[in-house]
Number of protein chains: 4
Amino acid sequence: MTVRIGVIGTGMIGEEHSRRITQTLTGGAIVAVSDVNAEQAQAVVERLGLDARVYASGQELIAADDVDAVLVTSWGPTHEEYVLAAIEAGKPVFCEKPLATTAQGCRNIIDAEIEAGKRLVQVGFMRRYDSGYQLMKEAIGGGRLGEPLMIHAAHRNPEVPERYVTPMAIHDTLIHELDTFRWLLDDDYKSAQVLFPRKTRHAHSKVEDPQMVLLETVKGVRIDVEIFVNCRYGYDIQCAVVGEEGIAHLPEPQALQYRQAGKLASEILQDWKKRFNDAFDVELQAFIDGAAAGQIGGPSSWDGYAAAIAGDVCVKAQESGAIEAIEMPERPAFYG
Amino acid sequence: MTVRIGVIGTGMIGEEHSRRITQTLTGGAIVAVSDVNAEQAQAVVERLGLDARVYASGQELIAADDVDAVLVTSWGPTHEEYVLAAIEAGKPVFCEKPLATTAQGCRNIIDAEIEAGKRLVQVGFMRRYDSGYQLMKEAIGGGRLGEPLMIHAAHRNPEVPERYVTPMAIHDTLIHELDTFRWLLDDDYKSAQVLFPRKTRHAHSKVEDPQMVLLETVKGVRIDVEIFVNCRYGYDIQCAVVGEEGIAHLPEPQALQYRQAGKLASEILQDWKKRFNDAFDVELQAFIDGAAAGQIGGPSSWDGYAAAIAGDVCVKAQESGAIEAIEMPERPAFYG
Amino acid sequence: MTVRIGVIGTGMIGEEHSRRITQTLTGGAIVAVSDVNAEQAQAVVERLGLDARVYASGQELIAADDVDAVLVTSWGPTHEEYVLAAIEAGKPVFCEKPLATTAQGCRNIIDAEIEAGKRLVQVGFMRRYDSGYQLMKEAIGGGRLGEPLMIHAAHRNPEVPERYVTPMAIHDTLIHELDTFRWLLDDDYKSAQVLFPRKTRHAHSKVEDPQMVLLETVKGVRIDVEIFVNCRYGYDIQCAVVGEEGIAHLPEPQALQYRQAGKLASEILQDWKKRFNDAFDVELQAFIDGAAAGQIGGPSSWDGYAAAIAGDVCVKAQESGAIEAIEMPERPAFYG
Amino acid sequence: MTVRIGVIGTGMIGEEHSRRITQTLTGGAIVAVSDVNAEQAQAVVERLGLDARVYASGQELIAADDVDAVLVTSWGPTHEEYVLAAIEAGKPVFCEKPLATTAQGCRNIIDAEIEAGKRLVQVGFMRRYDSGYQLMKEAIGGGRLGEPLMIHAAHRNPEVPERYVTPMAIHDTLIHELDTFRWLLDDDYKSAQVLFPRKTRHAHSKVEDPQMVLLETVKGVRIDVEIFVNCRYGYDIQCAVVGEEGIAHLPEPQALQYRQAGKLASEILQDWKKRFNDAFDVELQAFIDGAAAGQIGGPSSWDGYAAAIAGDVCVKAQESGAIEAIEMPERPAFYG
């Protein structure tokens, strides 16, 4: 009854996910791995003590008889072809964000999945599985806040490497918020605008940092997200939903509170992997359980597509400085 | 050595200020009052047990020999003429906001004050005297946050009466933030934009509520202010300054923290007068001390003018939906 | 490689643990159950869809060939005999608190375990597995607080049923603190004193509530614990460790923070099962992993014995009103 | 109508109070000062620009015709004689704590005051005027917490000088709590016990630090106070009142909250003068107003006496290690 999983891409996140499935989660086993760098794939097998075969290519891995389900954690530009191949093979596939690097790529996946006749794809938007965001979702859904009117949010990293350039603030950073707010609000985006505050002296030359992204939803909710990837002080995810009847703030991550050295203080995390560690567990367990039950849920190809479309418009808004319309195609009944 | 003060306008705020000066503050005495409704002026004299003469008009009050300094707390549209008269008479004048209902009116006051050759006007922007904002000013000035890059703020009231219409969100509500941020940042505004989120069902028909105001400063700081005047839950002023080296949040007002009835909770104030009660004390004491010393400080006519100009552009931005430029004339050396 | 587990006692906690092992944890399977009420045992098998045999007695269950490890979640007075039988059978055994209802009973278990030559018993002190307490343990162990000098703690329940009488404040409630502080401080108790504040009107006639327990450790740390089991407002566990270099407070459980209805508030849990839900998961996973590896860790028989001795003295102190000495026998090298 | 005040003792606190009265408060003027060190008294007159005569002795100052009211801020052992002299002269007198260094000394003052037939003495227990404690008093008085059952409190200083010895933890430090809790609870003490935790390595050789004081009131409220005068991290006053219906915590002093350098932190004060700065203002203003109105209120001689009696028993309990009874004489109707 164990779900036999193949992992395509054994970099940092692929190895982490393999470790989770092997050591923490239940009901899944890694039986196959592949990576553009075969030696690295082999090294992961050894480090984690996996009973897994190393495949020369993702396509072969997907085709293997003993692979029940696929994890795509390879380089972004390769996601589309692997997800399409998994769909073709009729195998459940968990794909790290982005689902594809273009909206059209996402659309191709959607078309294939609809053609296949059942949901096979779960996209790696782990925030939906974070306990704090789940409390927020319940608060909104339960009507406790009345109708949501605004969201104030921030996504801050202590620092980013030289290769992180301005559009990555959207594609690599905001992408999580783009999915999260759609899910929280059960809504779609209508327009985007990007503002560039004075740049921090701690940012590299090729990145505008911080940025302020303004989103408008179809229902009229206004969202402001600060993206600040060289904020120095820590990895910090803030989200407050303002409703007609009150406001709810996302909880701070658990920490001891100290009275020490003249300060009443608690520590702020530095690492996103630690911030969403539990969410990754729940997310992957949901995928394994879904694969075992033949019923994949969670963030769908459609959600990946929606985030891609919104992301593309945000990048356009970065460039134009204008308020840019976001036009979502009609949602197929398939994605209910 | 007591500063003998005349109060023009004995409505709620005029009576409050008279009470403060009489019962709480030091060095000042109310010796003269006037109001468009003379009976009300008389009633205040009696309620507070003042040894004060009731004048038929503000102009007569200003002219009275035994009036050393003037408080203008009358209806907004009358402020300009009384302030001009006080300047003409060479008497220090404290004027509640707005300094004048038009930018040109403020400009007239500035011209008169420069002509008079010394500062005589203190504008009633009491937030500068709030202990929390003063801590914020010190934090910024002391360099602890590095260069400020963004401000996230909110101005929320539990509810507003029927007569409160959309532009009042700027002229009556945002006006305080408009002065406060200029002062905190030692900066001027460059542009404004106003967004209208979905409207709360608790708002009257003639007011868009909430609103989001986006301001850009000359130095490039980006400011977002949520104005939400039917937020239901309380009177709540939020301000976070995001700098290169960290973020500072305005303190919540003092309150007991309860563990009770399933909640860890502290009470939120409902009344702006209570929120800024201490600030009003400090503000008026500063005016009395300044009048006694012949040296008026605090928010100047220029500050009142700057807020008026920015406010007018914000109203224009409410109407246009566009990003509107704010053009401040050059600051005269007089207001150095 | 799955650890085949037998559960003795299928009441609320036995069923909960069976559910965890079956649905949430990894590496274990419930293959046998027994209960003094055989029908209830059968009902649990059905509710959870277990592939488990119902045994007529705990002793038979322990003896069964396909039972690798035992969970004792039966009525307290039966714990001793089942744990002894499991040790006799050489099978790892997880025993809910109390290990035995008398210190002598615990001692009997210790003697049997030492005789058996290896650790087989893990006692159900789940707080050691709570993420907040683990942060506290690290803070103390890492020297960040300097030497610990005092602990201020509270253990509050919203209410207790009629059958909860005064000594249960020790045996059922404080028992967790008695283990937790020994573990946090790596220390033993030297004396105990119990104070009875004015009784709450919400307490039943047979229970003194609240109580204040004062403990002194061998190293000289002074601990005060408020026990308040009809506090009304919620289930609330507080712990602050005061050290030479600062103080650390246990985190509040995760909750949204609301601004609503005049309050800045977060919800307090009402249910201890929810408070320590994650800790139960980690605790039982540790037992399964330990059983699989043939190496049981966590709270030992010795810890169960130490808590029993301290608990007995606390009850004596309840009765005497005096400061009562706690004398711990020397720790056998076996429990290192 | 100005109250003409003479100050006996122009050390740090005497100078501070003179400065307050002169620069911040209303209705009072310092017209006379004396100090055992006449030069220092003269220096204070000059530093503050007082229009005040320097008297050779406190007695002469009290006798001076133009002195309406007296502040006793001299060395503790001299308080009694000056307060008695002021009563004799029929002049309102504000006396810093202690009212007298012995309970008998306090009793002498009480007898004299009753003899004089009206309240003349206000004792310098400033915490009653602290806005946080006043909120607490209201919460208790308003019944919001139900009957109070326990108080958990702490009084921490960053460090104390060499001359601070063990009994000073009571006479100089706890003395404030001793008055505050009587006032908050409207209750008297019944017993005291003192525990000595392990000593911090930061304490000098002549002081046991920290200490835990346990108080029992006549109504049965149990109070624990941690006194920790070398806690290193700051000046920190904690107080939580546990009632039948919930718990209230004293607010933390106002501070900005920072996100900076890996911490979510606010600063803790280091200096008690800053912590109770506003309370001192309100306290002295109340004295001036009371003197002007011929009606002295606030902490009375009886309160000073009660604190002295309780303090003496606490010191006895420090020495005996036992639970010591506190016996308060019956309160004269005079102190209603």
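The values are calculated or read from the model by the stated rules, or taken from the named source; none is laboratory data. A quick note: this is a predicted structure, and the numbers were derived from the prediction, not measured. So basically every Cβ, Gly included, is an ideal-geometry build from the backbone, and we count neighbours across all protein chains shown.
Just one of the listed residues (A:Glu252, A:Glu267, A:Glu283, A:Glu244) is in contact with a His (Cβ under 8 Å, 6 or more places away or on another chain) and of a type in the set (D, E, K, R), namely A:Glu244.
One line per residue, one yes/no per condition, for (1) within 26 Å of A:Gly124 (Cβ to Cβ); (2) over 27 Å from the mean Cα position of the chain (by Cα); (3) at pLDDT below 95:
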{"position": "A:Gly243", "(1), (2), (3)": "no, no, no"}
{"position": "A:Glu252", "(1), (2), (3)": "yes, no, no"}
{"position": "A:Gln260", "(1), (2), (3)": "no, yes, no"}
{"position": "A:Gln270", "(1), (2), (3)": "yes, no, no"}
{"position": "A:Phe280", "(1), (2), (3)": "yes, no, no"}
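In segment B:167-196, which residue that is assigned to a loop (DSSP other than H, G, I, E, B) and out of contact with any Phe, Trp or Tyr (no Cβ under 9 Å at 6 or more places or on another chain) is farthest from the other protein chains (Cβ to nearest Cβ)? Once the filter is applied, the top-ranked residue is B:Pro167. Scanning segment D:49-58 for residues that are surrounded by 20 or more Cβ atoms within 10 Å (Cβ to Cβ), hydrophobic (A, V, I, L, M, F, W, C) and over 17 Å from D:Ile13 (Cα atoms) returns a single hit, D:Ala52.
Can you confirm whether segment D:146-165 contains a residue that is buried (at least 18 other Cβ atoms within 10 Å of the Cβ), touching a Leu at 6+ places or on another chain (Cβ under 9 Å), in a loop (DSSP other than H, G, I, E, B) and not small (Gly, Ala, Ser)? No, segment D:146-165 contains no residue that is buried (at least 18 other Cβ atoms within 10 Å of the Cβ), touching a Leu at 6+ places or on another chain (Cβ under 9 Å), in a loop (DSSP other than H, G, I, E, B) and not small (Gly, Ala, Ser). Selection within segment A:133-157: residues that are within 18 Å of A:Ile223 (Cα to Cα) and of a type in the set (Lys, Arg). The member of this set that is farthest from the other protein chains (Cβ to nearest Cβ) is A:Lys137. The numbered conditions (1) in contact with a helix residue (DSSP H, G or I) (Cβ under 6 Å, 6 or more places away or on another chain); (2) surrounded by 20 or more Cβ atoms within 10 Å (Cβ to Cβ); (3) more than 14 Å from chain C (Cβ to nearest Cβ) are all true for A:Leu61 except (1). Summed over segment B:250-273, residues that are surrounded by fewer than 21 Cβ atoms within 10 Å (Cβ to Cβ), in contact (Cβ under 8 Å) with a residue 12 or more places away in the chain and either more than 9 Å from every other protein chain (Cβ to nearest Cβ) or aliphatic (A, V, I, L, M) (or both) total 6. Applying the set (1) under 23 Å from C:Ala310 (Cβ atoms); (2) without any contact (Cβ under 8 Å) to a residue 60 or more places away in the chain; (3) surrounded by fewer than 21 Cβ atoms within 10 Å (Cβ to Cβ); (4) among the charged types (D, E, K, R) to C:Lys199 leaves exactly one unmet item: (1).
Residue by residue, here is whether (1) buried (at least 24 other Cβ atoms within 10 Å of the Cβ); (2) without any contact (Cβ under 8 Å) to a residue 12 or more places away in the chain; (3) among the hydrophobic types (A, V, I, L, M, F, W, C) holds:
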residue	(1), (2), (3)
C:Ile223	yes, no, yes
C:Ile237	no, no, yes
C:Glu244	no, no, no
C:Phe276	no, no, yes
C:Val282	no, no, yes
C:Asp312	no, no, no
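Somewhere in segment A:202-212, is a residue buried (at least 21 other Cβ atoms within 10 Å of the Cβ), without any contact (Cβ under 8 Å) to a residue 60 or more places away in the chain, among the hydrophobic types (A, V, I, L, M, F, W, C) and within 9 Å of another protein chain (Cβ to nearest Cβ)? Within segment A:202-212, one or more residues are buried (at least 21 other Cβ atoms within 10 Å of the Cβ), without any contact (Cβ under 8 Å) to a residue 60 or more places away in the chain, among the hydrophobic types (A, V, I, L, M, F, W, C) and within 9 Å of another protein chain (Cβ to nearest Cβ). For segment C:32-48, the candidate set comprises residues that are in contact with a Lys or Arg (Cβ under 9 Å, 6 or more places away or on another chain) and closer than 22 Å to A:Asp289 by Cα; within that set, the residue that is surrounded by the most Cβ atoms within 10 Å (Cβ to Cβ) is C:Val45. Does segment C:8-21 include one or more residues that are touching a residue at least 24 places away in the same chain (Cβ under 8 Å), within 14 Å of chain A (Cβ to nearest Cβ) and of a type outside the set (Val, Ile, Thr)? Yes, that holds for at least one residue.
The residue of segment D:117-132 that is surrounded by the most Cβ atoms within 10 Å (Cβ to Cβ), among those that are part of a helix (DSSP H, G or I) and more than 10 Å from every other protein chain (Cβ to nearest Cβ), is D:Met126.
Flag: A:Ile109 matches the condition of being part of a helix (DSSP H, G or I) and touching a residue at least 60 places away in the same chain (Cβ under 8 Å).
Taken over segment C:314-336, the residue count meeting the criterion of being among the aliphatic types (A, V, I, L, M), part of a helix (DSSP H, G or I) and in contact (Cβ under 8 Å) with a residue 60 or more places away in the chain is 2. Would you say A:Ala308 is under 17 Å from the mean Cα position of the chain (by Cα) and touching a residue at least 24 places away in the same chain (Cβ under 8 Å)? Spelling it out, A:Ala308 is indeed under 17 Å from the mean Cα position of the chain (by Cα) and touching a residue at least 24 places away in the same chain (Cβ under 8 Å). Criterion applied to D:Ile227, D:Ile223, D:Ile247 was being modelled with pLDDT of 95 or more, more than 8 Å from chain B (Cβ to nearest Cβ) and over 18 Å from the mean Cα position of the chain (by Cα), and the one residue passing it is D:Ile223.
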